[in-house]
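Notes for the one structure printed next.
The values are calculated or read from the model by the stated rules, or taken from the named source; none is laboratory data. What you are looking at is a predicted structure, and each value in this text was computed from that prediction instead of being measured. Every residue, glycine among them, receives a Cβ derived from its backbone with ideal geometry; neighbour counts consider all protein chains shown. In case anyone asks, the SASA skips ligands and DNA or RNA and just uses the protein heavy atoms, side chains included. Shrake-Rupley method; radii C 1.70, N 1.55, O 1.52, S 1.80 Å.
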Amino acid sequence: MAQIAALVDALKSALKSAGITYATVAAGLDLSESSVKRKFSRQEFSLSELDRICGLCAMDISDLVKLMEKRRGRLRALTADQEREIAADLSLLVVTVCVLNRWTFDNIIEYYVFEELELVQMLAKLDRLRIIELQPGNRIKLLVAANFHWLPNGPIEQVFLKAIQRDFFTARFDREDQELMVLNGMLSPASNAAFRKKMERLAHEFDLLIQEDAVLPIEERSGYTVLLALRDWRYERFAALRAPDH
């Protein structure tokens, strides 16, 4: 895949900048140098191996993705006006989410009630926004960066936040493919920053898995939403028991 090739090229660039040789990488992975060269040639790395190699360069996977996108010059976010245009049109928002999840034209037509001309017109809007390139035969080429994101507290994030507040936590999270963790504890500012960095890294790993699975038929994939959040918060019923000065 082109995405994997670009990621490996970025990794090579990072290693070269740090003065790290294949021999050093081999030692870090407990492999022979020839095995490492073969992995680079075939572009075959697990997330764990990428993580360990990035560590040799004093970076993590999220840093590697940022380097890749910087080298490719791809769109990482829209303007507030562009987001408002999409958020104001439910059909366009649906199509935008679909293309970001690498759906094909036929996938969208099959799953939604759009007429072909209507869908072409909406895809043409996304082409003008440089989210996609609409190619002959209605092929969709995604142009955004792997770490593309909606504007924090922007028009589209507000749409989804309202839905999350209303719907997301109505589930019991008792199915095998669901998970809910509620953590509580006290952290220093340094530990808080370290944990937020790990959250960012986990989000990039989620994106990488999405990209790997994009080659599978749509019938073999399901839509999942991951909510990662960290804030200073205390259970309000505890407040009545708190000493006056705290």
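Hey, can you tell me all the residues within the stretch 202-224 that are open to solvent by 50 Å² or more (accessible area, probe 1.4 Å) and either more than 17 Å from residue 4 (Cα to Cα) or in contact with a Gly (Cβ under 6 Å, 6 or more places away or on another chain) (or both)? 202, 217, 219, 220, 221, 222, 223, 224 - these are the residues of the stretch 202-224 that are open to solvent by 50 Å² or more (accessible area, probe 1.4 Å) and either more than 17 Å from residue 4 (Cα to Cα) or in contact with a Gly (Cβ under 6 Å, 6 or more places away or on another chain) (or both). Does the stretch 84-94 contain at least one residue that is β-branched (Val, Ile, Thr) and farther than 30 Å from residue 130 by Cα? No, the stretch 84-94 contains no residue that is β-branched (Val, Ile, Thr) and farther than 30 Å from residue 130 by Cα. Taking the stretch 19-61 as the range and being out of contact with any helix residue (DSSP H, G or I) (no Cβ under 7 Å at 6 or more places or on another chain) and in contact (Cβ under 8 Å) with a residue 40 or more places away in the chain as the test, only 58 passes. Scanning the stretch 150-166 for residues that are of a type outside the set (D, E, K, R) and at pLDDT below 85, which turns out most open to solvent (accessible area, probe 1.4 Å)? Among those residues, the one meeting the criterion is 165.
Residue 126 satisfies every condition listed in (1) assigned to a loop (DSSP other than H, G, I, E, B); (2) at pLDDT 90 or above; (3) open to solvent by less than 90 Å² (accessible area, probe 1.4 Å) except (1).
From the set of residues in the stretch 129-149 that are without any contact (Cβ under 8 Å) to a residue 40 or more places away in the chain and not small (Gly, Ala, Ser), which is least open to solvent (accessible area, probe 1.4 Å)?
If we take residues in the stretch 129-149 being without any contact (Cβ under 8 Å) to a residue 40 or more places away in the chain and not small (Gly, Ala, Ser), then 132 is least open to solvent (accessible area, probe 1.4 Å).
Annotation: of all residues in the stretch 168-181 being open to solvent by less than 70 Å² (accessible area, probe 1.4 Å) and farther than 30 Å from residue 7 by Cα, the one that is modelled with the highest pLDDT is 173.
Just one of (1) within 26 Å of residue 63 (Cα to Cα); (2) open to solvent by 90 Å² or more (accessible area, probe 1.4 Å); (3) part of a helix (DSSP H, G or I) fails for residue 187. It is (3).
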